[in-house]
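Colleague: Shown below is the structure under consideration.
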Amino acid sequence: MKAMLKPHMQTKSSFRSGSGFFALPIAMLAGLALLLPGHVRAAEDAAGKEQKFLAVLQSSSAPPQEKAMACKQLAIYGSSKSVPALAALLGNPELASWARIALEVIPDPSADKALRDALPGLNGKLLVGAINSIGRRHDAGAVPVLVAHLKHADVEVASAAAAALGQIGGPDAASALKTAMANSKPEVKSAVAEGLVRAAEQFLASGKKSEAMDLYDFVRKSDVPKQRIAEAIRGAILARGEAGVPLLLDQLKSPDKTMVAVGLRVARELEGRGVTATLAAAMKQLEPARQPLLLMAIGDRNDSAVLPAVRDAARAGSKELQLAAIGILENIGDVSCVSDLLLLAAGPDADLAKAAKSTLAKMGSSDVDNEIIARLSKSTGVERRVLIETASQRQLVKALPAITTAISDADPATRTAAVQAVTALGGAAQVPELAGLVAKTADEKELDAFGQALVAVCGRAGSSAVTHVLPLTKNDKAAVRIVALQALAAAGGPEALAAVTAALNDSNETVQDEAVRTLSTWPNNWPEDTAVATPLLQLVNSGKKPSHQILAARGYLECVRGDKKLTDEQKLGKVKDLLPLMKLPEEKRLAVTVLGSLPIAGSLDLLVSLTSDSAVAEEACSAIVSLASKNLPGVAKEQRKKALETAAATSANEATKKKCQEALDKIR
């Protein structure tokens, strides 16, 4: 029993937490009580349940664990009627904490009185627990008795009393705590300081700033642990409002990192537009290493007044300060920041340039978009390249006319940026320009870049791009003709297919190879492009190279397998027609793969026949196992059995044989 109750007893650290172990569960349970249907019925139910659980507490035979659970339920259903029975348990080491759970939330003054009256008869952890409960109930009537306990010989009791007085708050509690600061044992002073800070917080929340400042100042000037001083300094600054900025700056200049952290926290919290301006102006008073920290703090204030200071910091100062400022502009910057960021992005420092480019790409506002587009047509040099990159990252399709013009820029880096941007953003309108560049360039690297851009743009433009690409198939350069084939495949459509098919007879062998590869992977998302099956089938039969035949077979079979208009029977028929044309093992293996995906009787029969072909026997056996192991609609068990027996007898693979036997055992 003690093991079960032990976790709920008060500990040394719990009196300062301000919330009991069961605070959240009790709040949830109390909330559930409000969900019962009908106020009258709910009241009747609550009264009945209260009586039921009270009976458990008053029973001499109920075990402690039942009484503990009854206390928990009385936190929901208890009223003043439950207070005497609960109060009787406050001296019980096993049940006191459970009783306090209920007493803390019963909304009746009798619970306050019961806790106060119990104090003289308690000691040790039981006394600490009762004092904690008084603090949580904010019982102002308990202030005198708590003040008396500030002088208790037990440090934990005295500390609990100090914390409880802080929770209760008010002039009397505050006065007693101030007096106790001078008279308390050193071990208790931290709790007294905490109580004073809590009391000050209550004054501040109720608008009594003067009283709050008095307590905060008292604590921060007292001989108490640093953490308490830090809490008091924070409160003192917040209570003063804008007048607290000098004290805030003192913390930022402090050699103590804890106080610096307090200053940075309050710099984010302290309200007032004037605060932002004052902090920004005072930034240069700090040592260089702390300036970026303050800048980031005031940047988090979500105050437009900080923008001028951030812009100034981005222009000049230490590199760390500039980087911090550039990062802040990503969230608060506007069109007025574009010029500064462009200078940094085009500048010699790689780190600053990278940060500025990132901010330009992410900084919000449509005004920024318009500014970038307007500057593009007038810019030159590195700035032009930065603007192109920014437009691409911001997905500014409206900038494409100016970007396309930059493809002919004298600077190679700018040309590259423009091509990459067109690749990312371009559409049908850019196809003629790109096709012309592909045809004219004599540089291999540029041809590769222009070609990639053309393929990407044709993919977005579709068949409307074909007219502009077709002339490239007649270009004198084989490399250009290859780019044309790739672009036509991306565009798709019957005209594109016809042009790629014609390239099978190109005078250049490399172009022929590309035509075969292009046909074998022809996109099948255009219904009219199913016509690719015809040239592929011809290639399987009469390809100029074995590699052409294999690629064609793969492409044809993929076309058949992916054609949603064909039934499984029709797909089987096309594979049957293809098999006599297949001479290479690689081709036949592709056919086996397709057959293995067709769950019909004819596919199983054809696979059985292929087990006699040594080139693909193992693959056929494996496909048979995959198909015949399942119940196939329209396929008799006997047919499945015979197919598996054939595979078991043919395969030289022990794993395949084992799978065949397992499948046969299931069929039998």
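Colleague: Tell me whether the range 89-97 contains one or more residues that are more than 20 Å from residue 125 (Cα to Cα) and touching a Lys or Arg at 6+ places or on another chain (Cβ under 8 Å).
Modeller: Checked against the condition, which is being more than 20 Å from residue 125 (Cα to Cα) and touching a Lys or Arg at 6+ places or on another chain (Cβ under 8 Å), the range 89-97 yields no hits at all.
Colleague: Only one of 242, 187, 194 is modelled with pLDDT of 95 or more and not in a loop (DSSP other than H, G, I, E, B). Can you tell me which?
Modeller: 194
Colleague: Scan 292, 288 and give me the residue that is within 28 Å of residue 261 (Cβ to Cβ), outside any helix (DSSP H, G or I) and touching a residue at least 24 places away in the same chain (Cβ under 8 Å).
Modeller: Of 292, 288, the one residue that is within 28 Å of residue 261 (Cβ to Cβ), outside any helix (DSSP H, G or I) and touching a residue at least 24 places away in the same chain (Cβ under 8 Å) is 288.
Colleague: If you don't mind, there's one more thing I want to ask. Can you report the number of residues in the range 86-100 which are assigned to a helix (DSSP H, G or I) and surrounded by fewer than 24 Cβ atoms within 10 Å (Cβ to Cβ)?
Modeller: 1
Colleague: As an exercise: evaluate residue 83 against (1) outside any helix (DSSP H, G or I); (2) at pLDDT 95 or above; (3) among the aliphatic types (A, V, I, L, M); (4) touching an Asp or Glu at 6+ places or on another chain (Cβ under 8 Å) and give the number of the one condition it does not meet.
Modeller: Against the list (1) outside any helix (DSSP H, G or I); (2) at pLDDT 95 or above; (3) among the aliphatic types (A, V, I, L, M); (4) touching an Asp or Glu at 6+ places or on another chain (Cβ under 8 Å), residue 83 comes up short only on (1).
Colleague: Going residue by residue through the range 131-138, is there one that turns out to be modelled with pLDDT of 95 or more and not in a helix (DSSP H, G or I)?
Modeller: Yes, there is a match, as at least one residue in the range 131-138 is modelled with pLDDT of 95 or more and not in a helix (DSSP H, G or I).
Colleague: Among the residues of the range 446-477, which ones are acidic (Asp, Glu) and over 23 Å from residue 505 (Cβ atoms)?
Modeller: Residues satisfying the conditions are 446, 448.
Colleague: Would a scan of the range 164-176 turn up a residue that is part of a helix (DSSP H, G or I), β-branched (Val, Ile, Thr) and either touching an Asp or Glu at 6+ places or on another chain (Cβ under 6 Å) or farther than 27 Å from residue 52 by Cα (or both)?
Modeller: Yes: one or more hits.
Colleague: I need every pair where a residue in the range 581-606 that is free of Cβ contacts under 8 Å to residues at least 40 places away in the same chain and of a type in the set (Asp, Glu) has its Cβ under 7 Å from the Cβ of a residue that is surrounded by 19 or more Cβ atoms within 10 Å (Cβ to Cβ) and part of a helix (DSSP H, G or I), sequence separation at least 6 or different chains.
Modeller: Going by the 7 Å Cβ cut-off, the qualifying pairs are 586/550.
Colleague: Now, a different point. From 632, 664, 644, which residue is assigned to a loop (DSSP other than H, G, I, E, B) and of a type in the set (A, V, I, L, M)?
Modeller: Only one candidate qualifies: 632.
Colleague: Looking at the structure I just gave you, is residue 276 modelled with pLDDT of 95 or more and either surrounded by fewer than 22 Cβ atoms within 10 Å (Cβ to Cβ) or out of contact with any Leu (no Cβ under 7 Å at 6 or more places or on another chain) (or both)?
Modeller: Here the answer is no, as residue 276 does not meet what is asked.
Yes/no per residue for (1) touching a residue at least 60 places away in the same chain (Cβ under 8 Å); (2) in a helix (DSSP H, G or I); (3) buried (at least 21 other Cβ atoms within 10 Å of the Cβ); (4) more than 46 Å from the chain's Cα centre (by Cα):
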| position | (1), (2), (3), (4) |
| --- | --- |
| 457 | no, yes, yes, no |
| 472 | no, yes, yes, yes |
| 502 | no, yes, no, yes |
| 519 | no, yes, yes, no |
| 523 | no, no, no, no |
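Colleague: Which of the residues that make up the range 59-78 are under 22 Å from residue 134 (Cβ atoms) and either outside any loop (DSSP other than H, G, I, E, B) or modelled with pLDDT of 95 or more (or both)?
Modeller: 68, 71, 72, 74, 75, 76
Colleague: Suppose we filter the range 361-417 for residues that are charged (D, E, K, R) and within 17 Å of residue 433 (Cα to Cα); how many remain?
Modeller: 3
Colleague: Can you say whether residue 498 is more than 43 Å from the chain's Cα centre (by Cα), closer than 27 Å to residue 469 by Cα and in contact (Cβ under 8 Å) with a residue 24 or more places away in the chain, as far as the supplied structure shows?
Modeller: Criteria not met by residue 498.
Colleague: Can you say whether residue 334 is under 30 Å from the mean Cα position of the chain (by Cα) and modelled with pLDDT under 95, as far as the supplied structure shows?
Modeller: Considered against the rule, which asks whether it is under 30 Å from the mean Cα position of the chain (by Cα) and modelled with pLDDT under 95, residue 334 comes out as yes.
Colleague: Right, here's the next one. Regarding the range 254-270, can at least one residue be identified that is modelled with pLDDT of 95 or more, over 30 Å from residue 282 (Cβ atoms) and among the polar types (S, T, N, Q)?
Modeller: Checking the range 254-270: not a single residue is modelled with pLDDT of 95 or more, over 30 Å from residue 282 (Cβ atoms) and among the polar types (S, T, N, Q).
Colleague: Can you give me the number of residues within the range 388-398 that are buried (at least 24 other Cβ atoms within 10 Å of the Cβ) and over 29 Å from the mean Cα position of the chain (by Cα)?
Modeller: 1
Colleague: Test of understanding: among 439, 435, 418, 453, which residue is without any contact (Cβ under 8 Å) to a residue 60 or more places away in the chain, assigned to a helix (DSSP H, G or I), touching a Lys or Arg at 6+ places or on another chain (Cβ under 9 Å) and surrounded by 24 or more Cβ atoms within 10 Å (Cβ to Cβ)?
Modeller: Criteria check complete, one pass: 418.
The values are calculated or read from the model by the stated rules, or taken from the named source; none is laboratory data. Source: prediction; values computed, not measured. Using ideal geometry, Cβ is built from the backbone for each residue, glycine included, and neighbour counts are taken over all protein chains shown.
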